[in-house]
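Participant: Below are the structure tokens for one structure; questions will follow.
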Amino acid sequence: MDKLRDLESIPGSFEKLTDMPLELLFEVFEHLHPTDLLNLSRTTKTLRSILMKRSARSVWRSAIANVPGLPACPMDLDEPQYANLAFDDCCHVSLRFLNSNVA
């Protein structure tokens, strides 16, 4: 994701990314870690829209499969919810960040 952080400093760089064909984006996204997909989905409304559609389900499944030893997604969660629960640094009960000193 360091390359994506570099892109943040270039105005309009994410807009160019979303101009690529979805098939190509999905092919690239399938090789990311679920945390990277979560972060990517939070960068722009367009990327969020793309990654939260049912058509992106295979991307999330592939990303989750990239994590050795991770149990299968529970039936009551979709893949983005599961990735958020498993990898986000926020407690889902207290809504506090787990890896920071912010109270």
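Participant: Going from most exposed to least, what order do Lys45, Lys16, Lys53 have by accessible area with a 1.4 Å probe?
Facilitator: Lys45, Lys16, Lys53
Participant: For Asp89 and Arg57 in one chain, what is 0.36 nm times their gap in residues minus the Cα-Cα distance, to one decimal in nm?
Facilitator: Length gained between Asp89 and Arg57: 9.3 nm.
Participant: A further question follows. Near the amide H of Cys90, under 5 Å away, which other amide H atoms are found, from residues 5 or more places off or on another chain, if H is placed in the peptide plane?
Facilitator: Counting only residues 5 or more places away or on other chains, the set is Leu98.
Participant: For the pair Gln81 and Leu22, what calculated FRET efficiency results from E = 1/(1 + (r/R0)^6), where r is the Cβ-Cβ distance and R0 = 25 Å, to the nearest 0.05?
Facilitator: 0.70
The values are calculated or read from the model by the stated rules, or taken from the named source; none is laboratory data. All values reported here derive from a predicted model rather than from experimental measurement. Cβ sites come from the backbone with ideal geometry, for glycine too, and all protein chains shown count toward neighbours. All accessible areas refer to the heavy atoms of the entire protein, side chains included, with ligands and DNA or RNA removed. Shrake-Rupley method; radii C 1.70, N 1.55, O 1.52, S 1.80 Å.
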